[in-house]
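Everything on this sheet refers to the single structure shown next.
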Amino acid sequence: PGYEYSGVIQDGLNYIFTSARTTWIEPQPAGDPDTDGDGMGVYFHDGYETYETGIAMMAIAASQHPEAVVNVAGSYVDGWTYAEVLQDAVDYFAFGQIDEPYIDRGGWGYSSNHAGAGDNSNTGYAVLGLGHAQASASAYGFGLTIPQFVKDELSNFWIPAIQDPVDGDDNDGGAWCRPGTSGSSNILRTGSLLYEMAFVGETVGTPRVQDALDYIERHWDDLNPDPGWRAWPDNVANKQAMYTTMNGLQALGIETIAVLRDDTSVEIDWFEEFAEVLLSEQDIN
């Protein structure tokens with residue numbers, strides 16, 4: 001309460017809880033998603049469930065108060081603790097992960113069990129929600145459980161299905177939009193791929209992490225927002241590509257990357273370059 005923006009943050013969280021929805025969940029082919037035994041999952045809905053649920057989970061985890069109680073009349077989670085909401089959101093994603101025998105097994109689509117529509121944009125935001133929930137469990141005492149099968153399915157099926165094989169073309173190591181969509185690699189999706197790899201426990205030394213990092217380094221100076229991130233020709237950088245890449249690099253503890261400039265490999269501070277572009281585009285008038 002002593003924090004200057006405490007009321008603003010509480011208002012924002014309360015608004016998020018107005019969009020909370022509950023759904024019955026049940027065992028899936030890979031495992032039982034119901035970690036707390038209440039038979040329910042929680043998602044957040046205003047159009048695109050996976051995007052919104054992942055982002056809402058990040059905000060709830062950042063509240064730092066698992067014991068706080070939702071006080072929003074009419075909300076499906078009114079009276080629940082923040083920890084209870086976050087756990088059932090984790091359970092929702094465990095329930096909604098795409099199952100065998102689909103090509104997008106281990107990923108997520110726009111809604112739960114959205115087989116055939118899994119892509120690395122939806123999957124990236126689902127894993128951001130799960131990753132922040134996991135971090136809050138140790139940092140703030142949320143006491144959450146993430147079923148191991150969620151990570152196993154992501155690692156063993158989705159990641160290898162979405163990463164471009166290293167065979168000598170310009171997409172080597174990058175992340176496609178959907179399995180089988182060769183040529184759709186870009187930095188935005190590859191940043192999400194790095195975060196997914198970190199979430200399942202991989203490190204900078206893991207070969208497929210190195211392949212993804214090599215892709216980002218090769219395309220870092222591309223003067224376009226896709227597959228790169230820079231501002232050309234419309235003078236607006238791709239903020240989402242910057243955001244997913246920031247998350248992926250930070251999750252792996254990567255502070256500098258090697259970029260080829262004037263035929264010389266140069267170690268650059270990627271965060272500093274992002275910051276320079278963001279500051280140059282900020283509206284200060």
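Structure data summary
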quantity: Flag for residue 67 being of a type in the set (Asp, Glu), part of a loop (DSSP other than H, G, I, E, B) and open to solvent by 40 Å² or more (accessible area, probe 1.4 Å); calculated: yes
quantity: Members of the range 70-81 that are surrounded by 16 or more Cβ atoms within 10 Å (Cβ to Cβ) and either in contact with a Phe, Trp or Tyr (Cβ under 8 Å, 6 or more places away or on another chain) or in contact (Cβ under 8 Å) with a residue 40 or more places away in the chain (or both); calculated: 70, 72, 75, 76, 77
quantity: Some residue of the range 91-100 being of a type in the set (Phe, Trp, Tyr), more than 28 Å from residue 182 (Cβ to Cβ) and touching a residue at least 24 places away in the same chain (Cβ under 8 Å); calculated: yes
quantity: Of all residues in the range 47-75 being out of contact with any strand residue (DSSP E or B) (no Cβ under 9 Å at 6 or more places or on another chain) and among the polar types (S, T, N, Q), the one that is farthest from residue 108 (Cα to Cα); calculated: 71
quantity: Verdict on residue 163 being exposed (fewer than 15 other Cβ atoms within 10 Å of the Cβ) and either within 18 Å of the chain's Cα centre (by Cα) or closer than 14 Å to residue 196 by Cβ (or both); calculated: no
quantity: Among the candidates 142, 149, 157, residue that is aromatic (Phe, Trp, Tyr), over 20 Å from residue 216 (Cα atoms) and touching a helix residue (DSSP H, G or I) at 6+ places or on another chain (Cβ under 7 Å); calculated: 142
quantity: Output for the range 239-259, where each listed residue is in contact with a strand residue (DSSP E or B) (Cβ under 9 Å, 6 or more places away or on another chain) and either open to solvent by less than 50 Å² (accessible area, probe 1.4 Å) or at pLDDT below 95 (or both); calculated: 241, 249, 257, 258, 259
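The values are calculated or read from the model by the stated rules, or taken from the named source; none is laboratory data. Keep in mind that this is a model prediction, so the values were computed, not measured. We place every Cβ from the backbone using ideal geometry, glycine too, and count neighbours over all the protein chains shown. Please note that ligands, DNA and RNA were not included when accessible areas were found on the heavy atoms of the full protein model with its side chains. Shrake-Rupley method; radii C 1.70, N 1.55, O 1.52, S 1.80 Å.
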